[in-house]
Amino acid sequence: MTLDDFRPELRWWLAEGLHSDATLRREIEDAHRLGFGGMEFLAMDEGAIDHARSGWGSEEWVHDSQIVVEETTRRGMSVSFTSGTNWSNANLPTIDPDQRAAAQELDVVHETLAAGRSRTGPLARIDLAAPIAETTLPGHRGTITRQHLVAVVAARVAGDGLLDAASVVDLTARVEGEALDWTAPDEREWRLFAYWMHGTGQTASPSASVNYTVNYLDCDGVDAVIAYWDDVLLTPALRAEVARWPEVTSTPTPPPI
């Protein structure tokens, strides 16, 4: 073990693919000279530029990634590709917001039934055309058109804003298609909840094209990320550099705030 094993790493916010090769090499040389042992890099959004030419996934960005890996490897430094929930590096231009590989949202609609009352027919669906509530989440929202039913439950109303947890019944198995016939028990008012899954439509930037946030909780999203890196980003030249140095990683990070 040497002192090199204890060098700190730094995160490098690159202005997309706008750097010259000389600039990248100089910055890496300076970082190494100042005592840093590794660099984690990512594409930061820059205004008033052509993202199709310089954004994440573009030819310029892939080229810059190659230079960064080459120069850090040559100096025995580690290198990481930032990969987190809203960083462009982990999101994809190859999916649309209605696909299961895109980020998903569990939404709910409800209806109220008086004691002993029956309901028949289709369950209420989420109004996907309704304005989106204000949010602090980054990125824009694409158009969502599909939703699928996940579960239906009912509970007795115990008071103003209160439900009787012990009364909850799962009605999912009684749904046919998207329709439910059900009669509320003969005591108090009941609330029926229908849970629907649909895409969030969230996008990430900067990107060479519209870049949708990935579903990180299912294999659909993970497999789509792996396929995109395999097909587009990990060029033969970049794979050769990665093979030379084992400390090339994808660093999971929180989303930008």
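The values are calculated or read from the model by the stated rules, or taken from the named source; none is laboratory data. Nothing here was measured: the structure is a model prediction, and the numbers come from that model. In this analysis, Cβ positions are derived from the backbone assuming ideal geometry, glycine residues included, and neighbour counts consider all displayed protein chains.
Observations on the structure shown:
- Taken together, the residues in the range 5-27 that are over 19 Å from Ser207 (Cα atoms) and not hydroxyl-bearing (Ser, Thr, Tyr) amount to 13.
- One residue alone among Ala130, Ala158 is more than 30 Å from Ala224 (Cα to Cα) and of a type in the set (A, V, I, L, M), and that residue is Ala158.
- Yes/no for Ala194 being touching a Gly at 6+ places or on another chain (Cβ under 6 Å), at pLDDT 95 or above and not assigned by TED's automatic domain parsing to the domain that holds Glu59: no
- Among the conditions (1) in contact with a Phe, Trp or Tyr (Cβ under 9 Å, 6 or more places away or on another chain); (2) assigned to a loop (DSSP other than H, G, I, E, B); (3) assigned by TED's automatic domain parsing to the domain that holds Val168, the only one that Glu134 does not satisfy is (1).
- Residue within the range 69-81 that is on the phi > 0 side of the Ramachandran plot and crowded, with 21+ Cβ neighbours inside 10 Å present: no
- Of the residues screened, Asp96 is not one that is loosely packed, with under 12 Cβ neighbours inside 10 Å and either within 19 Å of the chain's Cα centre (by Cα) or charged (D, E, K, R) (or both).
- Pairing residues of the range 164-190 that are of a type in the set (Ser, Thr, Tyr) with residues that are not in a loop (DSSP other than H, G, I, E, B), at Cβ distances under 6 Å and at least 6 apart in sequence or on separate chains, gives Ser167/Ala155; Ser167/Arg156; Thr172/Ala151; Thr172/Val152; Thr183/Ser118.
- Exactly one residue among Glu60, Glu40 is closer than 21 Å to Tyr212 by Cα, assigned by TED's automatic domain parsing to the domain that holds Asp231, outside any loop (DSSP other than H, G, I, E, B) and among the acidic types (Asp, Glu), and that residue is Glu60.
- Failed item, numbered, when Thr203 is tested on (1) assigned to a strand (DSSP E or B); (2) over 30 Å from Thr112 (Cβ atoms); (3) at pLDDT 90 or above: (3)
- The range 81-99: number of residues that are closer than 29 Å to Arg244 by Cα and modelled with pLDDT of 90 or more: 0
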